[in-house]
Amino acid sequence: MNRSTCRKSKPESRRIRVRHRPPSSRVKTPLRAPVTRPSATPETSRDCALTPKRAYAAAAASRTVAITQLERKSTHPKASSQDIPSATPTETRNRNCDEEEEAHSSQSGANSHGQLGLGVINEQVEIASIVDIECIATKINQICCGGGHTLLLDGEGNIFSCGWNHKLQSGTDTDTHNFQRVWKLSGIRFINIACGWDFSCGVTDDQFLFVWGSNSNGELGLPKYHFPEVVRPVRLQINACAVSMGLKHSAIINSKGEVWITGYGRHGQLGLGSEILTSDRFQIVPKVGKISHIACGQNHTTTWSSEEKALYVWGDNRHGQLLLDKEKYKKVFTPQKIDIDVKQEVKKLLSGWTNSLLWLENGTLVAWGRNDYGQLGTSENIVGKIFQIKLPGHRQVQDVALGSEHSICLATDNTLWSWGWNEHANTGTGINEKIVFAPTLVPLQLDNSIKITQIYAGGAQNFIVTTEMEEIYENSIT
């Protein structure tokens, strides 16, 4: 694992600013967690310096969040881990640091289980707020969301969590409505995290996969006759270049480009054939090429082969999410190769509940699948067809993230755009409609000196990481 040398900055505090609105009378449960970054090759992180960050998030509740904290050292004892045999040795993904910056982050969206880390529970948050998180001493590397819980990975490889914890999916013993360190994983440096509905995982810098939470369908890859349905963090001797989690299944890509999968498969999402409808250990998926990207939807799995420039798909196809005839192929139990005439490199492959998106090297966004909530950024009836999403004003894409049925997109001019399901104000657009059919500007009201550097989306919530432009300039001349 290659990481640039990071210089610690002076401790700085973070402030919280919260605005509330009465909860809506009708609440729709947040649907899914975002998938992890899919690339099987090392990626370069935009964060490097060990400096405090502020995180903003927008969830299905009426407010916005930013995180404040002071840098400090941990004195908590290290935790031990439990090992079990597993499949094939693989490589973990490496996140390199290549520039110094001080970053801040914010949140918005659903908060019915305290998954925004605001210290309270409410139905939705529409305007970005600032929340104090003194336990996080460095930059934020990654944020991922489950059905009602959130994981946060800091620059030192520590994992923090908050929100729903009925299956121990947060990695702690109790529910927390503020971000708290997952002390059971202390002393272990993580480089990647992922969430399913009520289960989670983390990839370490020494190429091991840790899993925890619900194992009721074998989604953790742990034999059910040896492990209970609710599992505290356990180390598997199986490693991942890329990892993704859906509603009840999990998948990884190893260093050979093979896909290994586990969990519930009655819709065909395991790709192991119609005779294997569930698995409580990772099994190799046959009949696929060398895979570079993977994304688990609610009940389907989508993969991309950079070598073949083609998709391999399997699982539920009732909404055309596999790009196959939905009347003829409602469920697909073995991988099918789909040529979509894309000859460029793929930056990201993402999946919502029942829709998928490719972000191409030239900035193009192509999407397909279900569109009754505007998931594809249009009001047209294009189920089962590919649609190219374009930002207004010929803007170029800087980053993109998918929630369960909505999307957010960062443009190169530092503007944020969103579309899709909006029942809990999860698009953050301020539009009082349940559906936003086209990319619409998110009014963040940020100062000109603040730059958005990372974006993340969950079931019905969003997280935005920002940095101060003046601080970047000062770092560059000192």
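Where a number appears in this text, it was derived from the coordinates with a stated rule and is not lab data. Small disclaimer: the values here were computed from a predicted structure and weren't measured. Every residue, glycine as well, gets a Cβ built from its backbone with ideal geometry; the counts of neighbours run over all protein chains shown.
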For the range 387-478, which GluC sites (Glu not before Pro) pass both filters: DSSP loop (anything but H, G, I, E, B) and at most 16 other C-beta atoms within 10 Å? 433
Coil-residue chymotrypsin sites (Phe, Trp or Tyr not before Pro) of the range 169-226, DSSP, other Cβ within 10 Å capped at 14: 225
Please give the charge dipole size of the range 347-427, origin at the Cα centre, charges +1 on K and R Cβ atoms and -1 on D and E Cβ atoms. Round to the nearest 20 debye. 200
Scaled radius of gyration (Cα, divided by 2.2 N^0.38 Å) that the range 190-292 gives: 0.98
Given labels modelled 7 Å from the Cα in the Cβ direction, how far is it in nm from residue 414 to residue 338? 3.8
Neighbour counts of other C-beta atoms within 10 Å: give me 450, 382, 389 arranged from fewest to most. 382, 450, 389
Residue-span extension gain [residue 438 to residue 189] - 0.36 nm each, minus C-alpha spacing: 85.6 nm
Among the listed pairs 248/331; 290/347; 330/390; 167/224; 347/390, give every one whose C-alpha distance is greater than 19 Å. 330/390
Starting from the Cα of residue 276, step 7 Å along the direction of its Cβ; do the same at residue 325; then give the gap between the two resulting points in nm. 2.9
